[in-house]
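Novice: Take this structure, written in structure tokens, and hold onto it; I'll ask about it next.
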Amino acid sequence: MPYALAIFDLDGTLADSFPWFLRTINDIADRFSFRRVADQDIDGLRHASTREILSQLEVPLWKLPAIARHARRLKAEAASEISLFAGVETVLRTLADNGVQLALVTSDSEANAREKLGDAAVLFSHFDCAASVFGKPAKFRRVIRRAGVPPSQVIAIGDEVRDIEAARAVGIACGAVCWGYAAPAALRALGPDHVFERMDEIASTLCPGAVARMSVAISGTVGG
């Protein structure tokens, strides 16, 4: 299925923010009076759904907006500590050059997102940021309307269980990356349409013809 629109998550998908999260989560826990995360908790949390994580950490839903605002401020202050994963800009440029519209839907602010993306931000046609924990479906629908693309030609790519759930809620394809917050086994258990173990697999899956032509061109140059 050719995709005309790819909706990306940011943290854990394009930006390597999990180390920052681990350094910061217990300061946030102390500030908002929920359970701290011990080292031995991390693997279990990576296998849990969002609701299970909130339950295990004893985070009441009414606190989530304030926690999210505080986390965005901390991310803005730590922008220099959070970089893109290797190969992100190449993949995004390949998609854009081959006619795939790019959109970003994230819980982070648009200002933080643009700073993390750097030069790659110009490749995105649509930004819909500051999503609540369970607010991605509405933002997906809004981005799809703006892009003017039928849902059958849209894929959402993320690193968490809730990204897959949000894509399913709006009837679009979902791709799960194996290098983010959730454990690959937890993502595979939900049967996403695509599982990406390496960054370059996103481009080769969404633009197989273009990547094949690039490989032939590179091989020809090396051989010549």
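Novice: Which of the residues belonging to the stretch 154-202 are open to solvent by less than 10 Å² (accessible area, probe 1.4 Å) and either among the hydroxyl-bearing types (Ser, Thr, Tyr) or closer than 14 Å to residue 88 by Cα (or both)?
Specialist: Correct list: 157, 158, 177, 180, 196, 202.
Novice: Here's a follow-up. Got a number for residues in the stretch 37-50 being under 18 Å from the mean Cα position of the chain (by Cα) and not hydrophobic (A, V, I, L, M, F, W, C)?
Specialist: 4
Novice: Is it fair to say residue 123 is at pLDDT 95 or above, open to solvent by less than 20 Å² (accessible area, probe 1.4 Å) and in contact with a helix residue (DSSP H, G or I) (Cβ under 8 Å, 6 or more places away or on another chain)?
Specialist: no
Novice: Here is a list of conditions, (1) modelled with pLDDT of 95 or more; (2) farther than 21 Å from residue 110 by Cα, and residue 49 meets all of them except one; can you say which number that is?
Specialist: Every condition holds for residue 49 apart from (1).
The values are calculated or read from the model by the stated rules, or taken from the named source; none is laboratory data. Everything numeric here is computed off the predicted structure, so don't read it as measured data. Methodologically, a virtual Cβ is constructed for each residue, glycine included, from the backbone with ideal geometry; neighbour enumeration extends over all protein chains shown. Accessible surface is based on the protein model in full, side chains and every heavy atom, while ligands, DNA and RNA are left aside. Shrake-Rupley method; radii C 1.70, N 1.55, O 1.52, S 1.80 Å.
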